[in-house]
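*Asks:* Please read through the structure below; I'll follow up with questions.
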Amino acid sequence: MAKAKILGALLMAATISSSALAQKIVIAHRGASGYLPEHTLEAKAMAYAMGADYIEQDVVMTRDDQMIVLHDITLDRTTDVADQFPDRIRDDGRYYAIDFTLQEIRGLNASEGFRLRDGEKEQSYSSRFPIGSSSFRVSTFQEEIELIQGLNKSTGKDIGIYPEIKGPEFHRAEGKDISTAVVNVLKEYGYTTRQDKVFLQCFSFEELDIIRNQILPAAGIEVNLIQLIGNAESYPWMFDEDGMNKLADYVDGIGPEKGLVITRNSTRDEIEITDLVQRAHDAGLRVHPYTYRSDPGQVPRYADSFEDLLEKHYFAADVDGLFTDFPDKAVRFLQSR
Ligand code: CA
């Protein structure tokens, strides 16, 4: 009897500590990008106010080696660069951030993402913040960190950052070491141990290897690294039996496209959860898939609603966190559960 009681107490302690470790998180994808133009400081402040645990930055470099928060290595989709600098177009019809100085980029108007249709700007998500309304700008990586750290001071919270190194090979070919630049900024702003609230993400395994084994040791810091996985084809070995174990020598977690967690072929009657999350967890890796959107047409057919989509991924598939354009909805969902 006494033995059973002790065992029960031990089990309870184990459950409490593992559930504390397994606290599920909400990552604001490009800020509260479902409501305000992606990656603007306004979208980040809104995500912060909505209670996101981490706020994402995509990082790209300018001609004068400054780091800006921008999803694409080009400025076409989210700014009026084509209107202001028509002659700076490259042969492929794009305007590259790396061809512009920070001062030039600061003069651009940022907006909701769009594509050109018969010369007219048509926004990618028609139900989102109207293009051409109000006034927004592209910010630097440091400005965004200062916004989040400033809010951490004024609110007493400790919200994390989740930077992504964009196009490391492209930057290197242009003579820029973006990973070292990002790591140096992390160090400067006090993100120096795995306990600090930062996840550094990248799609390139080769770059993450360099970051873990050369750049972080050279800077004398440690931070959590996340391997983004867009499909099963880029690095087939990651999907082998021991793939996640191999990966665990380099990174602390994975950020898979959500179709790699619950297959796109799933239906309401037949949900197909892959073994990716289980394999990652067995290897000690966290799993933070992307991207969860509640816009019309963006909820996969196997889910009844956006909340049902969250239920299936957070709890049926047991992911540890997820990237969403609608952080308020994910925060509310987790609080209600
Ligand atoms: Ca990203």
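*Asks:* Consider residue 232 carefully, then state whether it is modelled with pLDDT of 95 or more, surrounded by fewer than 20 Cβ atoms within 10 Å (Cβ to Cβ) and more than 30 Å from residue 298 (Cα to Cα).
*Replies:* When the stated conditions are applied, residue 232 does not pass them.
The rows are residues; the columns are (1) away from the ligand (no atom under 16 Å from the Cβ); (2) touching a Cys at 6+ places or on another chain (Cβ under 7 Å); (3) assigned to a helix (DSSP H, G or I).
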position	(1), (2), (3)
307	yes, no, yes
318	yes, no, no
323	no, no, no
332	yes, no, yes
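*Asks:* Now a separate question. Return yes when residue 253 is closer than 30 Å to residue 271 by Cα, within 16 Å of the ligand (Cβ to nearest atom), surrounded by fewer than 16 Cβ atoms within 10 Å (Cβ to Cβ) and under 20 Å from the mean Cα position of the chain (by Cα) and no when it is not.
*Replies:* Here the answer is no, as residue 253 does not meet what is asked.
*Asks:* While we're looking at this one, here's another question. Examine the range 62-69 for a residue that is closer than 25 Å to residue 174 by Cα, within 11 Å of the ligand (Cβ to nearest atom) and not in a loop (DSSP other than H, G, I, E, B), and state whether such a residue exists.
*Replies:* yes
*Asks:* Kindly indicate which of 45, 20, 13 is surrounded by fewer than 22 Cβ atoms within 10 Å (Cβ to Cβ), part of a helix (DSSP H, G or I) and at pLDDT 95 or above.
*Replies:* It is 45.
*Asks:* Next question. Does the range 169-183 include one or more residues that are touching a Gly at 6+ places or on another chain (Cβ under 9 Å), surrounded by 17 or more Cβ atoms within 10 Å (Cβ to Cβ) and either within 29 Å of residue 115 (Cβ to Cβ) or modelled with pLDDT under 95 (or both)?
*Replies:* Taking every residue of the range 169-183 in turn, at least one turns out to be touching a Gly at 6+ places or on another chain (Cβ under 9 Å), surrounded by 17 or more Cβ atoms within 10 Å (Cβ to Cβ) and either within 29 Å of residue 115 (Cβ to Cβ) or modelled with pLDDT under 95 (or both).
*Asks:* Taking only the range 150-168 into account, find how many residues are in contact (Cβ under 8 Å) with a residue 24 or more places away in the chain and either buried (at least 16 other Cβ atoms within 10 Å of the Cβ) or small (Gly, Ala, Ser) (or both).
*Replies:* Qualifying residue count for the region: 11.
*Asks:* To continue, here is another question. Just give me the residues in the range 235-291 being in a loop (DSSP other than H, G, I, E, B) and either touching a residue at least 60 places away in the same chain (Cβ under 8 Å) or within 14 Å of residue 323 (Cβ to Cβ) (or both), in sequence order.
*Replies:* 261, 288, 289, 291
*Asks:* Quickly run through the range 145-186 and pick out the residues that are under 18 Å from the mean Cα position of the chain (by Cα) and at positive phi.
*Replies:* 167, the sole residue that qualifies.
*Asks:* Would you check which residues across the range 70-84 are under 21 Å from residue 177 (Cα atoms) and part of a loop (DSSP other than H, G, I, E, B) and list them?
*Replies:* Of everything in the range 70-84, those that are under 21 Å from residue 177 (Cα atoms) and part of a loop (DSSP other than H, G, I, E, B) turn out to be 70, 71, 72, 73, 75.
The values are calculated or read from the model by the stated rules, or taken from the named source; none is laboratory data. These numbers were taken from a predicted model, which means no experiment stands behind them. Cβ sites come from the backbone with ideal geometry, for glycine too, and all protein chains shown count toward neighbours.
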